[in-house]
Amino acid sequence: METAIFEQLEQLARDLGAFKAKVIPTKDVPTDASFRTLCEKNTCHSYGMNYGCPPDVGTVEEVLEALYSYQYILVYQYVGELEDSFDFEGMTAAGDRHRALVYRFRDEADAGITLPRRLYLGAGGCRYCKTCARVTNEPCRFPEKRLASLESYCVNVSQLAKAADMKYINGQNTVTYFGGMLFDLQ
Ligand code: SF4
C-alpha cells in the first residue's frame with residue numbers, strides 16, 4: 001500500500017508538470033536552523049509581510065518540530081527554460097508556473113488521495129492573494145490555502161535535492177524550483 005500511494009503522488013506531480021518527483025522519509029530531510037537568519041535579513045521584503053513567511057510561520061523550533069512530526073515528504077521540482085542567465089522575466093514566469101503547479105497539485109491531491117494528515121510547502125511566501133492580508137495586519141483570508149515555503153521550514157533545498165536523487169540545477173539556461181508535501185500514512 002505504501003508504495004502504491006508513493007507512486008500515485010509522484011505520478012500526479014509529474015502529470016501536472018513536475019520534472020521529477022520522489023517520496024522520501026521525513027527523517028532524511030536536511031534542515032538548517034541558520035536559514036532563518038537569511039529570512040530575517042529580509043532581502044525579499046516578505047519578512048513580517050506574509051503569513052507564509054517568518055516570523056508568522058512559527059519559530060525555528062516550532063517549524064522543525066512540525067516538519068519532523070510527519071512520516072514522509074513528497075519532493076518535486078519544476079524546471080523552467082530561460083533565454084539566458086540574465087532572463088529575469090523568464091525566471092519570474094517560471095516561478096509563476098511553479099506556483100500554479102503547487103496549487104494545482106494541492107487541489108488534486110486533496111480531492112483524490114486520502115491521507116490522515118498533510119502539509120504543503122512551496123517556494124517563496126504565500127501568493128494566493130495578490131496582496132497578503134499580513135501587509136495590513138488583517139487575518140489571513142484563506143487559512144486553508146495558506147502556503148509556506150520549504151525554506152521557511154529551514155529545509156536545505158540543495159541537500160534535499162540530493163536526498164531525493166534530483167539535481168538542484170538542471171543545466172544552462174534553466175531555473176529549478178522545488179515543492180513538497182509532508183504527509184502521514186497512518
Ligand atoms: S491566503 Fe492570502 S492572506 Fe492568507 S497567507 Fe496566503 S496570501 Fe496571505
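Quick note: the coordinates plus some simple rules give every number you see, no bench work behind them. Computed from a prediction, not measured in an experiment: that's the story for all the values here. Heads up, the Cβs are rebuilt from the backbone with ideal geometry, glycines too, and the neighbour counts pull from every protein chain shown.
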**Message:** With θ taken as phi - 60° and the coefficients 6.51, -1.76 and 1.60, list the Karplus ³J(HN,Hα) couplings across region 4-9 in order, rounded to whole Hz; mark glycine and proline as x.
**Reply:** 4, 5, 4, 5, 4, 5
**Message:** I'd like the Karplus ³J(HN,Hα) series for region 16-29: coefficients 6.51, -1.76, 1.60, θ = phi - 60°, whole numbers in Hz, and an x wherever there's a Gly or Pro.
**Reply:** 8, x, 5, 6, 9, 8, 7, 8, 10, x, 5, 4, 8, 6
**Request:** List every residue whose amide H lies under 5 Å from the amide H of Cys132, counting only residues 5 or more places away in sequence or on a different chain, with H placed 1.01 Å from N in the peptide plane.
**Result:** none
**Asked** So which trypsin sites (Lys or Arg not before Pro) in region 95-173 are both in a DSSP loop and have at most 10 other Cβ atoms within 10 Å of their Cβ?
**Response** Lys130
**Complete:** Low-density loop GluC sites (Glu not before Pro), region 47-116, at most 16 other Cβ within 10 Å, DSSP non-H/G/I/E/B, are Glu83
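Using a Cα distance threshold of under 22 Å, what count of lysine pairs results for the chain when pairs must be 8 or more residues apart or interchain?
7
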**Asked** Whole-Å semi-axes of the chain's equivalent ellipsoid, largest first, each the root of 5 times a Cα gyration tensor eigenvalue?
**Response** 23, 21, 17
**Request:** Find out how many positive minus negative residues lie around Phe105, taking Lys and Arg as positive, Asp and Glu as negative, among other residues whose Cβ is under 12 Å from that of Phe105.
**Result:** 0
**Request:** Calculate the dipole size of the chain relative to its Cα centre from +1 charges on Lys and Arg beta carbons and -1 charges on Asp and Glu beta carbons; express the result in debye to the nearest 20.
**Result:** 240 debye
**Message:** Given the DSSP H assignment, sum -39500 (n - 2.57) over each helix run of at least 4 residues in the chain and divide by its residue total; what's the result at 222 nm in deg cm²/dmol, nearest 500?
**Reply:** -10500 deg cm²/dmol
